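Below is one structure; the comments refer to it alone.
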Amino acid sequence: MSLIDALNWRYAVKKMNGQPVEQDKVDQIIQAALLAPTSSGLQPFKVIVITNQELKEKIAPIAYNQSQIIDSSHLLVFAAQENYTDEGIDKVFDRMNTERGLPLDTTDAYKNQLKGMILSKPAEENFHHAAKQAYIAFGIALAQAALLKVDSTPMEGFNAAELDELLGLDKKQLKSVTLLPLGHRDEAGDWLVNLKKVRTPLSEFVIEYK
């Protein structure tokens, strides 16, 4: 199946059937998120994987009781860093150079320039930048799920502060950004399953300068 076919197949599932998704498929979806491009390769976010049913039931009211939270096989939480740090940037570049067999100071000029730009900005601005990077990975994970015929529901409808408190994300200097329940559609119970996918016509969507 091509990516276009997969994206035509997928939709934001409104009702899942509670059946498990094979772990190897979940692993591929997470690997796709891991391989997503990020600004300067900083990867300023984490993917939290939740399968514990009691925890999902606690999360449900935080997500306005959307049933996909409870009925999903795996709930992925994309959480961005609250801010960038000097040590965190060093860690990224040290790993990069070590794995490439290069001296640690190989990228110092670029790294120090990057630090000068990022670390001088307010924490809130840096969090929004990190959240944008998380969304790139989120979109790629969603697409990989579709390629594997794994249903998903992209969710912003939740109380991030309450979820962060429940998961203890503040202790990890993280803030939740978006949720991605993974599972299988309930063919009989989902009102959206057989409705036509509707998008803006391509002629209106694309603006060309020739």
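Selection over region 1-20 of residues that are without any contact (Cβ under 8 Å) to a residue 60 or more places away in the chain and either in a helix (DSSP H, G or I) or in contact with an Asp or Glu (Cβ under 8 Å, 6 or more places away or on another chain) (or both) gives a count of 2. Within the option set Q23, Q81, Q68, being under 18 Å from A146 (Cα atoms), touching a residue at least 40 places away in the same chain (Cβ under 8 Å) and not small (G, A, S) holds for one residue only, Q68. Looking only at residues that are touching a residue at least 60 places away in the same chain (Cβ under 8 Å) and among the basic types (K, R) in region 32-65, which one is surrounded by the most Cβ atoms within 10 Å (Cβ to Cβ)? In this case the residue turns out to be K46. Going through (1) under 11 Å from the mean Cα position of the chain (by Cα); (2) crowded, with 18+ Cβ neighbours inside 10 Å one by one, L147 falls short only on (1).
For every residue, the table says whether it meets (1) among the small types (G, A, S); (2) on the phi < 0 side of the Ramachandran plot.
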| residue | (1), (2) |
| --- | --- |
| I30 | no, yes |
| L34 | no, yes |
| G41 | yes, no |
| F45 | no, yes |
| I50 | no, yes |
| L55 | no, yes |
| A60 | yes, yes |
| A63 | yes, yes |
| Q68 | no, yes |
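With respect to the conditions (1) touching a residue at least 60 places away in the same chain (Cβ under 8 Å); (2) surrounded by fewer than 18 Cβ atoms within 10 Å (Cβ to Cβ); (3) touching a Ser or Thr at 6+ places or on another chain (Cβ under 7 Å); (4) of a type outside the set (F, W, Y), G157 falls short on a single one, namely (3).
Suppose the filter is of a type outside the set (S, T, N, Q), touching a Leu at 6+ places or on another chain (Cβ under 6 Å) and modelled with pLDDT of 95 or more; does L76 pass it? Yes. When each of I4, I30 is tested for being within 17 Å of the chain's Cα centre (by Cα) and either closer than 23 Å to E187 by Cβ or hydrophobic (A, V, I, L, M, F, W, C) (or both), the lone residue that passes is I30.
The values are calculated or read from the model by the stated rules, or taken from the named source; none is laboratory data. This one's a predicted model, so the numbers in the text were calculated from it and none came from an experiment. Neighbour counts are summed over all protein chains in view; Cβ atoms, including those assigned to glycine, are modelled from backbone coordinates with ideal geometry.
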